[in-house]
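A short write-up of the structure that comes next.
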């Protein structure tokens, strides 16, 4: 969709990346470390000062102390961390429970390692979890479960009750978990992000993965991290060493300094909530039905009152004919179901959001 947006010079609300730059202070820090000669390989696990800051942040926010030397690994983006974690634990014939709609890197990672994806859908009305269905999906072959909260593409959140339900399900099993928490600092309306690191039962079996790119508007720098118990991290690093070896050195040092000021990530929810509310307010009187958005920088919209086109055709039409690129939701499902829903990314400049909302409103009126 992003390529199509470029080809047709459309406003790109499709792929999830900001159209604005990161903080000038962070750019200066990267430049400082480049000029000071920090331009060679970093340690395989990440530079110690950054791992120390990551450990401290997790402990402060979620009351879990990860050993900076044995339980924190800096990765070349969260997607690399997810693939590495999958490759670390999945062997041919293992079943992996995937909650859908699902981010598109999960299934290829599972299949490329000979694993068998087992799909469990969120409830279509409110994107909540059906834990009984999750429980019934577990077999003797289940090796791994993959969760994502705040959730892409739906913007839903795992609740404290969800955590308790999952604890009961996995207790006394050997099932491992990947918790994709890349939007951990983008949560709205004073709600709370419940990290799997907060739970004793879940933390001991989880690879908790996050992203500096999502947090600091630097998706092109491809930098993330994985926090996991020592027994899991030692195996994770065996794969990490040969997948990528290490991540960008000067950027790691820059992030380490930048993390010292917690405002840089604690104010992110307010920043994006203003953008969410701006877009929602601009389009609220159109035929598009806005679905709840509790986190991430994505907004789902039901367009069933606009047209009966399927979501892929409608997304293509909007891009080619109306100059506004969006994402169809059906590709996030194994069976292609989407129920007339598209996703937009509101990590854009305010004037772009206003212009895009006006275009979409006019489209709705034209049908």
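None of the figures in this text is laboratory data; all of them are computed from the coordinates on show. It should be emphasised that the depicted structure is a prediction, and the values quoted were computed from it without experimental measurement. FYI the Cβ positions are ideal-geometry reconstructions off the backbone, even for glycines, and counts take in every protein chain you see.
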Q: Give the order of 226, 22 when sorted by the count of other beta carbons within 10 angstrom, beginning with the fewest.
A: 22, 226
Q: Provide the gained length on full extension for the span residue 116 to residue 91, in nm with one decimal, where the gain is 0.36 nm per separating residue minus the Cα-Cα distance.
A: 8.1 nm
**Q.** the range 64-143 shape via C-alpha gyration tensor axes, a/c threshold 1.5
**A.** prolate
Q. Once you sort the root eigenvalues of the Cα gyration tensor of the range 1-103 as a ≥ b ≥ c, which label holds: rounded (a/c under 1.5), prolate (a/b larger than b/c) or oblate (the other case)?
A. oblate
Q.
Give me the one-decimal nm value for the distance between modelled label points at residue 366 and residue 39, 7 Å along each residue's Cα-to-Cβ direction.
A. 5.0 nm
Q) Among 240, 264, which comes first, then next, by fewest other beta-carbon atoms within 10 Å? A) 264, 240
Q) What is the fewest-to-most order of 96, 120 by other Cβ atoms lying within 10 Å of their Cβ? A) 120, 96
Q: Note the full-extension length gain between residue 262 and residue 70 as 0.36 nm times their separation in residues minus their Cα-Cα distance, in nm to one decimal.
A: 66.7 nm
Q: Quote the FRET efficiency, to the nearest 0.05, computed for residue 21 versus residue 308 with a Förster distance R0 of 56 Å and r equal to the Cβ-Cβ distance.
A: 0.90
Q | D (Stokes-Einstein, µm²/s), Kirkwood Cα radius, the range 249-329, 1.306 mPa s at 10 °C | A | 102 µm²/s
Q) What nm distance separates the two modelled labels at residue 335 and residue 277, each placed 7 Å from Cα along Cα→Cβ? A) 3.9 nm
Q | Sites residue 8 and residue 238 - FRET efficiency at Förster radius 51 Å, r taken between beta-carbons, to 0.05 | A | 0.70
Q. When every alpha-carbon pair in the range 171-327 is counted, what percent end up more than 23 Å apart?
A. 56 percent
Q. Based on the alpha-carbon gyration tensor of the range 163-227 and its eigenvalue square roots a ≥ b ≥ c, which shape applies: rounded if a/c is under 1.5, prolate if not and a/b is larger than b/c, or oblate?
A. oblate
Q: Report the convex hull volume per residue for the range 24-260, counting only C-alpha atoms, in Å³.
A: 119 Å³
Q) Working out 0.36 nm times the residue gap between residue 270 and residue 161, then minus their Cα-Cα distance, what length gain in nm do you get to one decimal? A) 36.7 nm
